[in-house]
Ligand SMILES: [Zn+2]
Ligand SMILES: [Zn+2]
């Protein structure tokens, strides 16, 4: 069985998630934006072995701790999609602009594409490319537990910003309606910020994509 624990990190309260296979106790961290020591303390408290880092996109609050954590523990970095290379190149600028400690540069060990899968222990998770908020944004879908880790694509009652360089509102709406909704109304999603919700609830009541 796949399990997860969401730990909000950084001044932006970014929902970093620790996901693990409870048969092997192997874990991955989705979006280690910062507060690395706190994340490692949780990993230890849960009795897990951290084996990899997964990225939804390369904004500083999601990716800022990736380089340091990867170097410290020799962990592979999986994702995001190559469309976010320019955001990775711009991490130092992002750190400065948002008052974060300087982010250590990194190169993903493996880029992700739509339809890929990633594996932690015995558990396989599906990858969907969901551009719009950033061009290389991906989401991680775990149908075995009806969960999706969607980064800044969709929030409870809102959607991701598209006013950044290479943001695209139409593309974002397309990603939500064509790639998230087919995961099913019952699917609970963990957004990049704020509380969880279900796709069914958002389809009914989200003012940006309700009825879409
Ligand atoms: Zn973002
Ligand atoms: Zn964010």
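May I ask you to list the residues in the stretch 156-182 that are surrounded by 22 or more Cβ atoms within 10 Å (Cβ to Cβ) and either over 12 Å from residue 56 (Cβ atoms) or more than 13 Å from ligand 2 (Cβ to nearest atom) (or both)?
159, 172, 175, 176, 180
Which numbered condition trips up residue 108, out of (1) in contact with a helix residue (DSSP H, G or I) (Cβ under 9 Å, 6 or more places away or on another chain); (2) under 15 Å from residue 30 (Cβ atoms); (3) not in a loop (DSSP other than H, G, I, E, B)?
For residue 108, the failing item is (3).
Could you list all residues from the stretch 90-135 that are under 15 Å from the mean Cα position of the chain (by Cα) and within 14 Å of ligand 2 (Cβ to nearest atom)?
130, 132, 133, 134
Looking only at the stretch 32-48, filter to residues that are in a loop (DSSP other than H, G, I, E, B) and surrounded by 17 or more Cβ atoms within 10 Å (Cβ to Cβ); which one of those is nearest to ligand 1 (Cβ to nearest atom)?
Narrowing the stretch 32-48 to residues in a loop (DSSP other than H, G, I, E, B): 32-35, 46-48.
Then drop every residue that is not surrounded by 17 or more Cβ atoms within 10 Å (Cβ to Cβ), which leaves 32-35, 48.
Details: 32: 14, 33: 10, 34: 14, 35: 17, 48: 26 Å.
Taking the candidates together, the pick is 33.
Within the stretch 102-118, is there a residue that is touching a residue at least 60 places away in the same chain (Cβ under 8 Å) and more than 17 Å from residue 183 (Cβ to Cβ)?
No; the residues of the stretch 102-118 include none that is touching a residue at least 60 places away in the same chain (Cβ under 8 Å) and more than 17 Å from residue 183 (Cβ to Cβ).
Determine if the stretch 160-176 includes at least one residue that is farther than 25 Å from residue 9 by Cα, modelled with pLDDT of 95 or more, touching a helix residue (DSSP H, G or I) at 6+ places or on another chain (Cβ under 7 Å) and not in a loop (DSSP other than H, G, I, E, B).
The answer is no, given that none of the residues of the stretch 160-176 is farther than 25 Å from residue 9 by Cα, modelled with pLDDT of 95 or more, touching a helix residue (DSSP H, G or I) at 6+ places or on another chain (Cβ under 7 Å) and not in a loop (DSSP other than H, G, I, E, B).
Is there any pair linking a residue in the stretch 12-31 that is at positive phi and assigned to a loop (DSSP other than H, G, I, E, B) to one that is away from ligand 1 (no atom under 16 Å from the Cβ) and at pLDDT 95 or above, with Cβ under 9 Å and at least six apart or on different chains, and which?
Once the first residue is at positive phi and assigned to a loop (DSSP other than H, G, I, E, B) and sits in the stretch 12-31, its partners that are away from ligand 1 (no atom under 16 Å from the Cβ) and at pLDDT 95 or above give 25/46; 25/47; 25/48; 25/49; 25/121; 31/53.
The values are calculated or read from the model by the stated rules, or taken from the named source; none is laboratory data. Quick caveat: nothing in here was measured; it's all calculated off a predicted structure. Using ideal geometry, Cβ is built from the backbone for each residue, glycine included, and neighbour counts are taken over all protein chains shown.
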